[in-house]
Amino acid sequence: MNTEPVIEISGAGLAGLVAAIRIQHAGGHACIYEKRKDVGGRFHGDFQGLEN
């Protein structure tokens, strides 16, 4: 039986995804809830970067 709490995150935008990754790296467990079928929020389908 797993007694560690699961941290629930509302939204799979950039902040939610980063929070889940940091929780996992710290040894915790995260569950992300997203109302849309795609993740990434405003960054979905948009290339974010700097040109050389």
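General remarks:
- Residues within the range 1-22 that are among the hydroxyl-bearing types (Ser, Thr, Tyr) and modelled with pLDDT of 95 or more, tallied: 1
- In the range 23-52, the qualifying residues are those that are over 16 Å from Glu4 (Cα atoms) and surrounded by 11 or more Cβ atoms within 10 Å (Cβ to Cβ), and the one that is modelled with the lowest pLDDT is His44.
The values are calculated or read from the model by the stated rules, or taken from the named source; none is laboratory data. Just so you know, these numbers come straight off a predicted model, no measurement behind them. Positions of Cβ are backbone-derived with ideal geometry, glycine not excepted, and every protein chain shown enters the neighbour counts.
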